[in-house]
1. Relative to the first principal axis of the alpha-carbon coordinates of the chain, what is the inclination of helix 182-192, with its axis defined by its Cα atoms, in degrees from 0 to 90 and to the nearest 10?
2. Quick check on region 1-155: of the DSSP beta bridges with both residues there, what percent are antiparallel, nearest 5%?
3. Once you've got the GNM for the chain with C-alpha springs shorter than 10 Å, pick whichever of 218, 145, 172 has the biggest mean-square fluctuation.
4. Calculate how steeply helix 73-82 sits against the longest principal axis of the alpha-carbon atoms of the chain, using the helix alpha-carbon long axis, and give the answer as 0 to 90 degrees to the nearest 10.
5. Take every DSSP beta bridge with both residues inside the chain and express the antiparallel ones as a percent of the total, to the nearest 5.
6. Can you tell me the alpha carbon radius of gyration of the chain divided by the globular rule-of-thumb value 2.2 N^0.38 Å?
7. So, R0 is 25 Å and r is the distance between the beta-carbons of residue 239 and residue 85; what FRET efficiency does that work out to, to 0.05?
8. Report the relative contact order of region 83-221, percent, no decimals, based on alpha-carbon pairs under 8 angstrom and at least 6 residues apart.
């Protein structure tokens with residue numbers, strides 16, 4: 001049974017809560033869904049808010065749930081909203097599935113990682129189960145223009161996929177250090193075969209030291225540059241509806257993604273301020 005918080009009784013310090021554990025149709029699993037409400041949510045009962053869906057929910061809000069440090073998404077957004085740099089928004093954190101994470105966060109299988117390619121089924125779970133429940137329980141702006149997806153590593157890969165697979169649902173994506181190598185680079189052929197989602201907004205980054213300073217990191221940067229070239233060919237306009245950066249000190253770590261998060265959010269949502 002899904003538990004939905006009684007929002008009328010959420011205490012002042014209770015803007016972060018668990019919406020429930022939801023069954024994933026067809027996969028015989030459940031996922032915890034956390035929600036962070038914006039400042040002023042309870043005090044402004046007529047207002048409705050954009051929503052950002054983020055993967056790997058264990059690493060987003062609270063350090064004690066993360067194995068490698070939390071992004072502190074809620075605190076970061078509070079500062080940006082208070083400074084007038086972002087619109088207030090709801091953040092939905094979707095837990096990863098531990099041993100099933102690689103399978104759920106890619107629509108393509110990869111036998112090297114024992115990944116089964118369940119990403120399409122997992123995306124249906126998000127768009128047909130989680131989002132309708134969030135829209136029912138909370139005061140959201142449900143249109144694609146006000147709905148984003150964001151994540152890092154495999155979560156970056158699935159965010160890139162989500163924006164192209166379901167542009168009627170997601171109109172914005174923040175893609176941190178995406179695992180472009182996964183499934184032997186299947187994402188490149190996928191994007192090549194898709195139309196550019198009209199009216200969307202996209203942020204992509206990578207670190208120049210993802211896995212140290214050797215050939216593997218150079219390969220990752222080259223792959224990211226290849227993605228940038230492909231996205232430009234597909235019609236994305238740099239610094240208009242699209243931004244790509246290489247962080248010269250960036251590693252494949254929660255701390256680096258947390259550090260880049262504010263700038264990514266300024267670009268992703270800046271047109272709504």
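1. 80
2. Details: 14 of 23 bridges.
So the antiparallel bridges in region 1-155 amount to around 60 percent.
3. Among 218, 145, 172, the largest mean-square fluctuation in the Gaussian network model of the chain belongs to 218.
4. That helix lies at roughly 70 degrees to the long axis.
5. On the way: 14 of 40 bridges.
The antiparallel proportion sits near 35 percent.
6. That ratio works out to 0.95.
7. Numbers: r = 17 Å, r/R0 = 0.68.
About 0.90, to the nearest 0.05.
8. Values: 189 pairs, mean separation 23.1, N = 139.
After rounding, I find 17 percent.
Readers should treat all values here as calculations from the given coordinates under stated rules, not as data from a laboratory. The model shown is predicted, which means the values in this text are computed figures rather than measured ones. Neighbour counts are summed over all protein chains in view; Cβ atoms, including those assigned to glycine, are modelled from backbone coordinates with ideal geometry.
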